[in-house]
Amino acid sequence: AAVTLEGSVSVADAAKRMAAANADAALVLGDEDRVAGIFTDRDLASRVLGAGLDPRRTKISAIMTENPRCVMDDEPALTAVMLMVDGRFRHLPVVDSTESVVGLLDVAKCLHDAISHLELRNLAGGQRTAG
């Protein structure tokens, strides 16, 4: 499940929650629990620590990426991967038809799963895989 936060949470508290969940990104929820933003480990490094901001006093809403692209839960996986590759981002929120959060995709996990699937298919067909 995706880590979700309110925009009023401090960066320090957000980082603790992300670490506890072994997550490198969290979704910031706004009105009616819809995605208002996304906060990542890169945001922590560049927008907070790299900028000399105090993580205990800085609110997530001040440094998050607002209104991130989302993908619908009924869209093909390839659509999600192409959005991430074309948009040059690592995380993509998944929402349902009511715009409620369903999950959070990670491009590295998507690629790992795709490669694993191809390797299994090749093994089932008696073909060798490279690497």
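The values are calculated or read from the model by the stated rules, or taken from the named source; none is laboratory data. Since the model is a prediction, treat every value here as computed from it, not as a measurement. Neighbour counts are summed over all protein chains in view; Cβ atoms, including those assigned to glycine, are modelled from backbone coordinates with ideal geometry. These accessible areas exclude ligands, DNA and RNA; they are computed on the full protein's heavy atoms, side chains included. Shrake-Rupley method; radii C 1.70, N 1.55, O 1.52, S 1.80 Å.
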Relative to the chain, whose Cα atoms define the longest principal axis, helix 11-20 and its Cα axis are tilted in degrees, nearest 10, by 30 degrees
Of the candidates 79, 45, 29, the farthest towards the positive dipole end of the chain (Lys/Arg Cβ +1, Asp/Glu Cβ -1, centred on the Cα centre) is 45
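Want the number for residue 120 to residue 99: 0.36 nm per residue separation, take away the alpha-carbon distance, what's left?
4.1 nm
Using helices alone, I'd like the mean residue ellipticity at 222 nm for the chain: each DSSP H run of four-plus residues gives -39500 (n - 2.57), total over residue count, nearest 500.
On the way: 4 runs with 43 residues, N = 131.
Helix contribution divided over all residues of the chain: -10000 deg cm²/dmol.
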For the chain, the longest principal axis of the Cα atoms and the Cα long axis of helix 107-124 enclose an angle in degrees, to the nearest 10, of 10 degrees
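Given a 1.4 angstrom probe, I'd like the percentage of the accessible area of the chain that is carbon and sulfur, rounded to a whole number.
Values: 4330 of 8370 Å².
Looking at the chain in its full context, I get 52 percent from C and S.
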If one compares the long axis through the Cα atoms of helix 77-87 with the longest principal axis of the Cα atoms of the chain, the angle in degrees, nearest 10, works out at 50 degrees
With the 8 Å Cα cutoff and a minimum separation of six or more residues, the chain has a relative contact order in percent of 21 percent
Taking every C-alpha to C-alpha distance in the chain and binning by 10 Å from 0, the per-bin percentages run 12, 38, 29, 14, 6, 1
